[in-house]
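Following: one structure in structure tokens, then a few remarks.
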Amino acid sequence: MIHSRRIMAVVSVAGASAVLAGITIASSVSTVRVAPVGLIGSVAAIRPVTIQTRAAEGSPWVGSGSCAASNCHGSIAPVPGWPILGNEHTTWIGDDPHARAFQVLLEPRSERIARNLAGGGQVIPAHRDPRCLACHSVPRPESFRAGTEWMDADGVGCEACHGPARDWLGPHTTEAWRLGQIARPPSFWATDDLETRVRTCAGCHIGRHDPSSGLIQDVNHDLIAAGHPRLDFEFAADHDRMPPHWTPRGIEQSEDFPARAWLIGQRVGLEEVLSLTVARASSPSAPWPEFSEYGCAGCHHDLTDRTPPIGSAGAYQWATWHAAGVEAAAAVLGNQGPVAHTLEPLTTHMNRPVPPRAQAAQTAQAAAQGLAALLQVPPRLDSSTIRHAIAELERPANPRSPNDHDRQAQRYLGLVPLYQTLERQGADPAELETLRTRLETMRERLMQTQPALP
Ligand code: HEC
Ligand code: HEC
Ligand code: HEC
Ligand code: HEC
């Protein structure tokens, strides 16, 4: 079952009664949640806080416990009149899967992965394995782990997305910070910028090799064959599914936010995929070609998969998941031809049985450069653009082009934010209703044709 949770959850977070309930409720919630933003200007003073940290000597990370005081981010309920909700830690620890990311490493599923990875040799317990902790705790290079192991138990804590807090923990509680009189240090990550936000998620949800710190975050085919779920990240859907501990502000308040998040998520996501390919190709110790980058059905032929075969039978297809998403985004932006053309030199190399590493790295780099300009999102996506985009994604696939489950799922995951955008733009309920019915049918079909994997 590769995408089931993603597809199911995108449309049914709010329960099973109305299949697309999640969509409606998510947007009406954001309308309500927009209100408190106005309070920011009216807050007279920020309450003084005492911060206790137990950071190891020299560690720029302080741990999520340092954010949890009830007068900081650990209030039980949103605090009226505050510039922020105040209960971020409570939401995270209670509802957010990230808070359980370390616990998962102690479960039988992870024990099995660890046993399989050891292949009969010495088993490294998952909760001590740097390969797992690189994404299931606050990512820190090995040199910093010593002395901060206690922090692992936080799972994907606050600093995994907001940056190491030592240098801004004190300043960020002050009035001067709130008024913008203190420059944000680079270690305070700008999650309010959508592109930065996508990159933050991508490190763990796509994977990353960071040459400057030596940190390797990689779910390769060895991990997948050992039992790790395939990473099929789609920013808009995953962002929607994260229980928000913030009030929408800035770009999140714009009517076209869902569509914009989807398009930017596709562009930046593919850039991250390409960087990972470059890193894997350039690392002599990394398996090559890296099977996890390919369509799984190309090698794992599966009788329960009723979708048409991918390309010519038995051929490798590189990046079926991410390329299908970008193809959908390119169709919407009217750039499908040039985008396919830009990716072609790379896919030609990658679809060979043994792609030459150097050429793969080189063409991946070139593709990333070319795509950045082709996938720019216009400053405004009005309803007619959105309607046109929906028609593009609903257009039956060219019978000669591959039309596998990955492609259909990505089109569906593109249509959902387009629907959400039309709804925010105040489209006619009857129009929304018919679109919703079509999306439900699409979702049902996707659920029924889930390819089962070994
Ligand atoms: C590149 C980052 C990364 C690495 C490395 C990684 N994981 Fe994960 N893991 C994830 C993400 C992201 C998910 C959530 C997958 C999803 O649903 O999209 C996940 C999910 C899981 C799950 C399923 C959890 C659930 O709630 O269903 C298990 C079990 C797991 N990982 C164990 C491990 C183990 C054991 C290792 C080390 C051998 C490991 N992971 C290494 C990122 C990673
Ligand atoms: C998986 C990623 C992730 C984790 C983990 C996370 N956050 Fe966030 N946080 C976000 C995103 C995304 C936003 C929305 C973007 C923004 O407003 O900057 C956000 C927004 C916020 C905001 C609102 C900022 C504002 O100015 O409105 C606060 C405060 C915050 N987070 C605190 C925390 C705390 C405290 C924790 C740990 C308990 C935490 N976050 C954990 C991703 C994360
Ligand atoms: C430090 C690594 C890391 C970062 C950064 C991160 N995640 Fe995750 N995420 C994980 C892991 C690991 C899991 C699996 C947790 C589990 O199931 O216990 C996960 C799970 C999830 C899930 C639930 C997946 C499922 O199938 O149930 C969603 C949704 C999600 N992340 C969204 C996001 C978004 C959106 C961002 C960026 C704003 C983000 N994550 C940033 C590591 C990370
Ligand atoms: C290029 C061919 C190829 C591709 C592409 C490929 N695999 Fe595999 N897979 C294999 C081979 C060969 C094995 C057996 C050797 C091994 O365990 O690595 C295997 C083993 C597995 C296993 C373990 C099966 C078992 O019975 O132990 C799983 C699970 C798996 N693959 C999942 C996937 C997923 C999910 C994808 C797509 C992201 C994928 N594979 C892509 C060739 C491939």
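The values are calculated or read from the model by the stated rules, or taken from the named source; none is laboratory data. Just so it is clear, the model here is predicted, and its values are computed rather than measured. Here the Cβ positions follow ideal geometry from the backbone for every residue, glycine too, while neighbour counts run over all protein chains shown.
Return yes or no: is G121 more than 24 Å from G250 (Cβ to Cβ), more than 9 Å from ligand 1 (Cβ to nearest atom) and crowded, with 19+ Cβ neighbours inside 10 Å? Steps first, please.
Values: more than 24 Å from G250 (Cβ to Cβ): yes; more than 9 Å from ligand 1 (Cβ to nearest atom): yes; crowded, with 19+ Cβ neighbours inside 10 Å: no.
Criteria not met by G121.
Regarding region 73-89, can at least one residue be identified that is more than 16 Å from ligand 4 (Cβ to nearest atom), surrounded by fewer than 19 Cβ atoms within 10 Å (Cβ to Cβ) and not in a loop (DSSP other than H, G, I, E, B)?
Among the residues of region 73-89, not one is more than 16 Å from ligand 4 (Cβ to nearest atom), surrounded by fewer than 19 Cβ atoms within 10 Å (Cβ to Cβ) and not in a loop (DSSP other than H, G, I, E, B), which makes the answer no.
Being within 16 Å of ligand 1 (Cβ to nearest atom), in a helix (DSSP H, G or I) and among the basic types (K, R) is the requirement here; does R197 meet it? Walk me through it before giving the result.
Values: within 16 Å of ligand 1 (Cβ to nearest atom): yes; in a helix (DSSP H, G or I): yes; among the basic types (K, R): yes.
Yes: the conditions hold for R197.
If only one of L343, L381 is in contact (Cβ under 8 Å) with a residue 40 or more places away in the chain and surrounded by 16 or more Cβ atoms within 10 Å (Cβ to Cβ), which one is it?
Working: L343 fails: in contact (Cβ under 8 Å) with a residue 40 or more places away in the chain.
Just one listed residue meets the conditions, L381.
What do you reckon, is P185 assigned to a loop (DSSP other than H, G, I, E, B), under 22 Å from the mean Cα position of the chain (by Cα) and not charged (D, E, K, R)?
Details: assigned to a loop (DSSP other than H, G, I, E, B): yes; under 22 Å from the mean Cα position of the chain (by Cα): no; not charged (D, E, K, R): yes.
Taking the combined requirement at face value, the residue does not satisfy it.
Matching residues to (1) among the acidic types (D, E); (2) within 15 Å of ligand 3 (Cβ to nearest atom); (3) in a helix (DSSP H, G or I):
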residue: G94; (1), (2), (3): no, yes, yes
residue: L105; (1), (2), (3): no, yes, yes
residue: L117; (1), (2), (3): no, no, yes
residue: H127; (1), (2), (3): no, yes, yes
residue: C132; (1), (2), (3): no, yes, yes
residue: V138; (1), (2), (3): no, yes, no
residue: F144; (1), (2), (3): no, yes, yes
residue: D152; (1), (2), (3): yes, yes, yes
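Kindly evaluate A226 against the criterion of being surrounded by fewer than 18 Cβ atoms within 10 Å (Cβ to Cβ), away from ligand 2 (no atom under 14 Å from the Cβ) and either within 18 Å of the chain's Cα centre (by Cα) or under 29 Å from Y294 (Cβ atoms) (or both).
Values: surrounded by fewer than 18 Cβ atoms within 10 Å (Cβ to Cβ): yes; away from ligand 2 (no atom under 14 Å from the Cβ): yes; either within 18 Å of the chain's Cα centre (by Cα) or under 29 Å from Y294 (Cβ atoms) (or both): yes.
Yes: the conditions hold for A226.
If I ask for residues that are within 15 Å of ligand 3 (Cβ to nearest atom) and in contact with a Phe, Trp or Tyr (Cβ under 9 Å, 6 or more places away or on another chain), which ones from region 205-230 would you list? Give the steps one after another, and end with the answer.
The first filter runs over region 205-230 and keeps only residues within 15 Å of ligand 3 (Cβ to nearest atom), leaving 205-210, 213, 215-219, 223-224, 227-230.
Hits for region 205-230 are H205, I206, S213, I224, R230.
Suppose the filter is crowded, with 21+ Cβ neighbours inside 10 Å and not in a helix (DSSP H, G or I); does A261 pass it?
On the way: crowded, with 21+ Cβ neighbours inside 10 Å: yes; not in a helix (DSSP H, G or I): no.
Judged against the criteria, A261 is not a match.
Output the number of residues of region 354-364 satisfying the condition of being buried (at least 16 other Cβ atoms within 10 Å of the Cβ) and assigned to a helix (DSSP H, G or I). Lay out the reasoning, then the answer.
Within region 354-364, the first condition is being buried (at least 16 other Cβ atoms within 10 Å of the Cβ), and the residues that meet it are 355, 357, 359-364.
After this cut, where a residue has to be assigned to a helix (DSSP H, G or I) as well, the list is 357, 359-364.
The total comes to 7.
Is there a residue in region 307-316 that is closer than 25 Å to P355 by Cβ, within 16 Å of ligand 4 (Cβ to nearest atom), touching a strand residue (DSSP E or B) at 6+ places or on another chain (Cβ under 6 Å) and modelled with pLDDT under 95?
yes
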